[in-house]
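As structure tokens, the structure follows; a few thoughts come after it.
Read-outs: derived from the displayed coordinates by stated rules, not from any lab. This is a predicted model, so every value here is computed, not measured. When we count neighbours, we look across all protein chains shown, and the Cβ atoms used for this are built from the backbone with ideal geometry, even at glycine.
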Amino acid sequence: MKDYIKYKVELKTLEPFRIGASKDVMSAFDNPIATIGGRVVVQGPTLKGFLRNQIEEYLIDQYSGISIMKPCIPSSERTLSADEKTLIASGKYRAKGACSYSSEDMKNKSDSICPACYFLGAMGLNGFARIPYLYTEKKPEELYSVRLDRAKGTVVEKTNRDYQIMADNVCFTGILEVMKYNTVNDWMLGKVRSIQDKKKLDGWLNETSKKFNKKFIDLSPEELAEEFLVERICGEHVIGGFKSKGCGKVSITCSKLKASD
Ligand SMILES: [Zn+2]
């Protein structure tokens, strides 16, 4: 049996907004917006990448100097860029790229999993949060198209159908699920997971929360979700394409659903 805390996530566009899809030969647009089943969508992986960045930034800002609280860079060691290596050398990120866990491959196993991967998952090990796709009921035909003014670098509205874009004041919604416990593998949010060789694996939980001034292992699942997920995702942010062209500002809110919802 599993139990989840559920939050309704609402993303409202405050500016024109675009998350592009790869070109579809059937589309009338050269640069279509992302849709699934005809509905415009903020894809889960896009939202997860955004949330992950937010958590990394928070860990670096609030927990610098505590090495087990450092986030990893979620790519393999071989593909780290020169800039990423600089971030590692400066002590902001863990060495070696993404946290990874494998019961077979002890050599490439990380000593411990970073807080970002604890919630969002590491290579070979699930996390506790399920990041949703956010949908809007606005139909694609309600979208307006734009092209870029090559001289000014700004968006020109309602001209050639070069780019699809969402208007401002559009609301996308989805449900964020945070697992509180799983009785099959005995995982509990906020407790060290009972997998092989594990004392250090989730060792960050023995540190102290700056927000609640208690050890993480003594926080409730709701408090952990609040510090690392809800407060990281909520607020005004800039997401998606055309950021430098006056696009992408959104306001995100999360409301906890009752267990029956
Ligand atoms: Zn990690």
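Quick one: give the max-minus-min coordinate of the C-alpha atoms of the range 207-261 along each principal axis, largest first, in Å.
45, 33, 12
Limiting things to C-alpha atoms, what are the Rg and the maximum Cα-Cα separation (Dmax) for the range 27-89, in angstroms?
16.9, 52
What nm value, rounded to one decimal, do you get for the distance between E84 and K243 when each label is placed 7 Å out toward the C-beta?
Going from the E84 label point to the K243 one covers 1.7 nm.
Where does the Debye-calculated log10 I(q)/I(0) of the range 171-240 sit at q = 0.20 Å⁻¹, using only Cα point scatterers of equal weight, no solvent?
Log-scaled intensity ratios, in q order: -0.93.
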